[in-house]
1. For the chain, give the magnitude of the charge dipole about the Cα centre (Cβ charges: +1 Lys/Arg, -1 Asp/Glu; no others), in debye to the nearest 20.
2. So how do 100-113, 80-93, 124-137 stack up, highest first, on mean other-Cβ count within 10 Å?
3. Could you check how many percent of all C-alpha pairs in the chain are farther apart than 29 Å?
4. Among Thr96, Ile84, Ile119, whose Cα lies farthest out toward the positive end of the dipole of region 5-149, if unit charges sit on the beta carbon of Lys, Arg (+1) and Asp, Glu (-1)?
5. Cβ under 11 Å from Ala142's Cβ, Ala142 left aside: what net charge do those residues give with Lys, Arg +1 and Asp, Glu -1?
6. With θ taken as phi - 60° and the coefficients 6.51, -1.76 and 1.60, list the Karplus ³J(HN,Hα) couplings across region 21-30 in order, rounded to whole Hz; mark glycine and proline as x.
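Nothing in this text is a laboratory measurement; each read-out follows from the coordinates by a stated rule. What you see is a predicted model; the values in this text were computed from it and never measured. As a convention, Cβ positions derive from the backbone with ideal geometry for all residues, glycine included, and neighbour counts pool all protein chains shown.
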Amino acid sequence: MGLGMMASDHGVVESQMALDAAAVQQIILNGLPAASETGVQVEQVGDGKARVRQPFRASMIRPGGTLSGPTMMGLADAAMYAAILGQLGRLEMAVTQNLNINFLRRPAPRDLIADCNIIRMGRRSAVLEVWLYSDGEEQPVAHVTGTYALPH
């Protein structure tokens with residue numbers, strides 16, 4: 001299987017080289033220059049989950065005083081990538097295959113938080129779910145599902 005991966009009893013691919021939040025943050029900053037420009041912060045990874053923060057910047061506001069859709073989608077995508085890296089280790093060539101977002105309500109003009117959960121991790125793809133929240137609020141502003149293609 002390569003890259004330190006092994007199949008579990010449930011057919012889920014697990015890693016012998018899982019990474020912590022700091023290591024995932026460094027991979028994202030090195031591999032995705034836009035992430036360093038926006039200041040995305042990986043706060044937690046592990047157990048098939050990730051929490052990623054997008055610090056608020058006035059440039060992310062769209063007409064109407066809300067955070068832009070591309071800002072929200074970019075954060076969700078970064079959270080999915082972080083969850084995969086946290087689970088499988090250094091796997092830079094994992095790429096977004098599909099991303100679907102449902103905007104539930106207007107996000108406040110403040111930090112945006114993404115909580116990601118790996119739904120299924122296979123040998124060739126991962127299915128993930130992300131809930132986006134305005135910092136300090138309990139109700140989500142968006143629900144995202146996505147699929148990542150994994151190198152084999």
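1. Details: 12 positive and 14 negative charges, 75 e Å.
Roughly 360 debye, rounded to the nearest 20.
2. Details: 100-113: 15.9, 80-93: 22.4, 124-137: 18.6.
Peptide ranking by packing, descending: 80-93, 124-137, 100-113.
3. Details: 1674 of 11476 pairs.
The calculated P(r) of the chain puts 15 percent of pairs beyond 29 Å.
4. The residue sitting most towards the positive pole is Thr96.
5. Here the count lands on +2.
6. With coefficients 6.51, -1.76 and 1.60, one gets 4, 5, 5, 5, 4, 5, 4, 5, 5, 6 Hz.
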